[in-house]
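*Asks:* My questions all concern the structure below.
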Amino acid sequence: MHVTYVVLGNQPYSKSFFKNKTYQHTVEKLDLLQNALEARGYGNEIKATTPHYNDLLNMYRNKSVKPSEAEFLPEFRDRMTEYLRVLRKNNAPAMLNVIPMQYILENNLDVSFAFMDGKSSYKVIDNNGLVYDNAFELLYDSFLWAMIKTGHGDVKLVVSQIGWPTDALPGASTANAERFHKYFLPYITSGIGTPLRPGMNIDAFLQNLSDENKLGLKWGAYQRHWGVYEFNGVPKYKIDFTGQGHKTLPSVARGLTSMPRRWCVFNGNTTRDNKTLSSEIDKCCAFSDCTSLEEGGSCSHLEYEKKVSYAFNRYFQTMVHNQSEVCAINGFGEIVYTDPSDGNCTFPIEILAAEYKQIQDEFLGAKSGTPGNPDDYYESAASVRKNIIMHNIVL
């Protein structure tokens, strides 16, 4: 029987993502939602749950903790025990977001430990003799151990998010994303399991089918670049969703229309004060996506003026209507017809979509009659994170 998951929120107890704000009534709401599904006859086909992250474990604070020593931190133990009790009652799975790259960065480990190709020189030998040569198995089994110690080791654990970002961070690249999926997907389809649970089938959701250029930046600029596809429907790298290890590119999206081949760049005007120019750059990046300029990003190598041009062009491409006027940018911009892309840094041309016209009208204050504030729009758009599962591919 095919089971659909209704995901209520995302990492409700995660202080690393929500600072000091956590959501106290998640378990009660999960139970109410599942009871409502049961009452309407959908209880067997639809299960309510919510994902969590490894920052609930003691290993998040103590790097020397091995998988068999992992347990929920004292401030989360009672909540997670109740969460797992309700899931067991409802025959619903627990969910875990696994982000190997982030774990590697947080713990300053050899990046090869994030991949499942056995090439890492770093290994973790548990007290029980089990050997971990990759981050995924270590993180998954650590969470399993924490569940076992609450008396709920029989609850199914689903990987609700896993993938590899391709930009805006050192190590975030299409080559590394391809390498990660090349070995992870066959591992999942093989049913080989983990050192703690050999032979166990693991359900996993990939993050993400496409990039999300309006995703909030508080979790890191690279969070906008999980996609297997570029924004224009072109795949970034080879990936075989069947898990058979074929070296193939996914299909290209059809029916998309690009804007004309023209770009907005910095005209080199240095006669005006830098504060005005800085203000225009901030405005452009508040309304469009400049995360490729982040350290380690695909455009971080550009000289200053080229970086300004990149910011101008992202803003220009986002503002579809009256492009020549938009590129004025307070006297700093000009339209060119020669592609200014530089090495791995692509100056994109947006696809034509009706939604951009509506967004632009709202941004310019067409409905209210007053000029729009790009910061206001950015905050409102970024604060609503789309449900991860809706964008993922389940294996």
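*Asks:* Does any residue of region 58-71 turn out to be under 16 Å from Gly153 (Cβ atoms), of a type outside the set (D, E, K, R) and not in a loop (DSSP other than H, G, I, E, B)?
*Replies:* Yes, some residue in region 58-71 is under 16 Å from Gly153 (Cβ atoms), of a type outside the set (D, E, K, R) and not in a loop (DSSP other than H, G, I, E, B).
*Asks:* Given Tyr315, Tyr337, which one is aromatic (Phe, Trp, Tyr) and closer than 24 Å to Tyr222 by Cβ?
*Replies:* Within the list Tyr315, Tyr337, the selection yields Tyr315.
*Asks:* Another one. State whether one or more residues within region 351-361 are outside any strand (DSSP E or B), at pLDDT 55 or above and crowded, with 19+ Cβ neighbours inside 10 Å.
*Replies:* There is no residue in region 351-361 that is outside any strand (DSSP E or B), at pLDDT 55 or above and crowded, with 19+ Cβ neighbours inside 10 Å.
Let's see how each residue does on (1) among the aliphatic types (A, V, I, L, M); (2) part of a helix (DSSP H, G or I); (3) under 30 Å from Phe287 (Cβ atoms); (4) free of Cβ contacts under 8 Å to residues at least 40 places away in the same chain:
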{"residue": "His152", "(1), (2), (3), (4)": "no, no, no, no"}
{"residue": "Ala177", "(1), (2), (3), (4)": "yes, yes, yes, no"}
{"residue": "Asn201", "(1), (2), (3), (4)": "no, no, no, yes"}
{"residue": "Thr242", "(1), (2), (3), (4)": "no, no, no, no"}
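*Asks:* I've got another one for you. Taking the condition of being surrounded by fewer than 17 Cβ atoms within 10 Å (Cβ to Cβ) and touching a residue at least 40 places away in the same chain (Cβ under 8 Å), how many residues in region 107-121 meet it?
*Replies:* So the answer is 3.
*Asks:* Do we find that Tyr183 is in a helix (DSSP H, G or I), under 21 Å from Thr166 (Cβ atoms) and hydroxyl-bearing (Ser, Thr, Tyr) in this structure?
*Replies:* yes
*Asks:* Taking Pro165, is it in the same structural domain as Ala70 (by TED's automatic domain parsing), over 30 Å from Lys89 (Cα atoms) and in contact (Cβ under 8 Å) with a residue 40 or more places away in the chain?
*Replies:* When the stated conditions are applied, Pro165 passes them.
*Asks:* Ala311 passes all but one of (1) out of contact with any helix residue (DSSP H, G or I) (no Cβ under 9 Å at 6 or more places or on another chain); (2) crowded, with 22+ Cβ neighbours inside 10 Å; which number fails?
*Replies:* Ala311 satisfies every listed condition except (1).
*Asks:* So, in region 10-49, how many residues would count as being modelled with pLDDT under 85 and surrounded by 14 or more Cβ atoms within 10 Å (Cβ to Cβ)?
*Replies:* Adding up the residues that qualify gives 12.
The values are calculated or read from the model by the stated rules, or taken from the named source; none is laboratory data. Predicted model, so just to flag it, every value in this text is computed and none were measured. Every residue, glycine as well, gets a Cβ built from its backbone with ideal geometry; the counts of neighbours run over all protein chains shown.
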